[in-house]
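> The structure is given below, and queries will be raised subsequently.
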């Protein structure tokens with residue numbers, strides 16, 4: 001049994017007499033530039049519903065009935081903190097700049113991990129796969145959302161874990177790896193990938209004799225301490241603010257359990273999205289990379305990387321399980337797979353033989369598909385576009401008065417964002433309404449209450465998902481509101497007794 005991880009040492013692939021023109025840093029820098037260029041065409045585009053809703057919540061984060069104040073969302077505190085930071089740096093501009101920073105961080109971390117696995121070639125292949133998937137319209141990663149943030153943190157934790165295992169094991173780096181593995185869980189609850197990678201890797205390294213048991217224990221203890229550091233920080237936060245552990249628990253776990261039941265009961269849309277996801281996985285080369293990884297144990301064994309191969313397979317098993325548990329199969333579910341796919345490419349693409357060819361093919365398809373996706377996302381956005389929501393929001397912005405509020409039935413928070421308004425209803429996503437207000441009692445109370453929204457946008461009819469079977473909410477809308485216009489073919493209502501100068505609705509998009 002050795003006291004170090006031989007496979008994690010730098011492994012130059014050329015002799016000293018034939019140095020490559022670009023080393024690992026140069027290749028990773030090119031990949032980082034590539035991911036920035038992929039994002040730039042979308043930089044000034046309208047915000048997505050998720051971006052808008054999370055930004056509104058971050059902007060209004062204060063004491064209230066929920067963890068984040070007057071609005072509820074089933075996402076972790078790390079996400080809202082990042083969005084609050086983006087708001088400080090210019091709102092949507094700061095958000096898009098942070099998106100670029102997160103994508104570049106993913107690329108650099110993937111390149112670093114790939115270098116530790118297979119030297120220069122591993123760094124290049126891993127970085128370009130991460131660059132392609134971190135900024136592709138096909139996975140909705142051109143927007144700045146919580147899944148991209150969580151995946152980047154996972155990628156960082158994996159890179160630090162690999163580094164911590166060098167020599168006799170670094171306790172400080174292991175603590176840092178534990179912190180970085182915990183933070184993604186506070187963004188997206190299912191993102192425990194960093195822990196899965198570390199645990200499987202440690203067990204496999206000890207089993208194969210590549211590290212001593214004492215080294216593995218030192219690194220494992222450091223990882224646990226890192227997780228405890230994050231929990232201690234949360235304890236201090238909850239002890240010194242209005243936020244409580246009860247709110248946190250329901251936000252992170254209680255709501256997710258209830259929502260999963262609602263998602264499973266819905267049949268049509270998740271199945272259609274699953275079929276679309278299967279196409280996207282094929283078009284982007286992810287399916288090819290998966291085949292290469294699953295058929296690569298012999299290649300990994302020859303390279304002395306069986307432990308790493310097992311850890312990556314375990315991560316992808318977790319990704320699939322998370323997708324099934326989530327049940328909605330949105331394209332951005334694939335962002336969780338980026339760290340595993342990038343490291344798998346870095347590990348196996350440099351190899352000779354069938355596995356190396358497959359991985360290089362998959363990586364090449366990923367890069368080409370990311371470029372093609374720029375055109376598709378701008379010109380033929382078959383996954384949807386926020387153009388109509390933005391146009392409707394701008395119409396409302398031109399019609400509103402300073403203290404006006406609005407409510408969109410259901411979801412489409414980007415309408416509110418582009419209108420520059422907030423609303424009295426706490427649920428800005430349709431799944432929240434379907435889960436937490438399934439009888440629409442709170443919605444009905446809001447529409448009839450003293451703080452009823454000035455504007456009501458009926459993006460989906462009240463009876464969508466059979467929520468308003470008795471037409472109770474539809475009746476309230478008829479009694480309390482007046483249909484004033486249909487910008488972008490969307491019914492917009494104004495509260496009875498109010499009067500506004502309405503702009504033209506002839507143009508949309």
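> Hey, could you check region 64-83 for residues that are surrounded by fewer than 17 Cβ atoms within 10 Å (Cβ to Cβ) and out of contact with any strand residue (DSSP E or B) (no Cβ under 9 Å at 6 or more places or on another chain) and say which is nearest to residue 432 (Cα to Cα)?
Within region 64-83, the match that is nearest to residue 432 (Cα to Cα) is 64.
> In region 217-246, what count of residues is obtained for those that are more than 14 Å from residue 178 (Cα to Cα) and crowded, with 18+ Cβ neighbours inside 10 Å?
Total meeting the criteria: 1.
> Only one of 406, 363 is at pLDDT 95 or above and in the same structural domain as residue 121 (by TED's automatic domain parsing). Can you tell me which?
363
> Can we say residue 203 is over 22 Å from residue 106 (Cβ atoms), assigned by TED's automatic domain parsing to the domain that holds residue 335, at pLDDT 95 or above and surrounded by fewer than 23 Cβ atoms within 10 Å (Cβ to Cβ)? Talk me through it step by step, then tell me what you get.
On the way: over 22 Å from residue 106 (Cβ atoms): yes; assigned by TED's automatic domain parsing to the domain that holds residue 335: yes; at pLDDT 95 or above: yes; surrounded by fewer than 23 Cβ atoms within 10 Å (Cβ to Cβ): yes.
When the stated conditions are applied, residue 203 passes them.
> I need a count of the residues in region 9-56 that are over 29 Å from the mean Cα position of the chain (by Cα) and either modelled with pLDDT of 90 or more or buried (at least 17 other Cβ atoms within 10 Å of the Cβ) (or both).
2
> So, one more: Based on what the data block shows, is residue 90 over 19 Å from residue 319 (Cβ atoms), surrounded by fewer than 24 Cβ atoms within 10 Å (Cβ to Cβ) and either more than 19 Å from the chain's Cα centre (by Cα) or not assigned by TED's automatic domain parsing to the domain that holds residue 363 (or both)? Working first, answer last.
Values: over 19 Å from residue 319 (Cβ atoms): yes; surrounded by fewer than 24 Cβ atoms within 10 Å (Cβ to Cβ): yes; either more than 19 Å from the chain's Cα centre (by Cα) or not assigned by TED's automatic domain parsing to the domain that holds residue 363 (or both): yes.
So residue 90 passes the test.
> Within region 338-355, can you find the residues that are assigned to a helix (DSSP H, G or I) and free of Cβ contacts under 8 Å to residues at least 60 places away in the same chain?
Matches in region 338-355: 344, 348, 354.
> To continue, here is another question. Report yes if some residue within region 175-192 is over 19 Å from the mean Cα position of the chain (by Cα), surrounded by 23 or more Cβ atoms within 10 Å (Cβ to Cβ), part of a helix (DSSP H, G or I) and at pLDDT 95 or above; otherwise report no.
The answer is yes; a qualifying residue exists.
The values are calculated or read from the model by the stated rules, or taken from the named source; none is laboratory data. Every value quoted in this text rests on a predicted model; they were computed, and no experiment measured them. Heads up, the Cβs are rebuilt from the backbone with ideal geometry, glycines too, and the neighbour counts pull from every protein chain shown.
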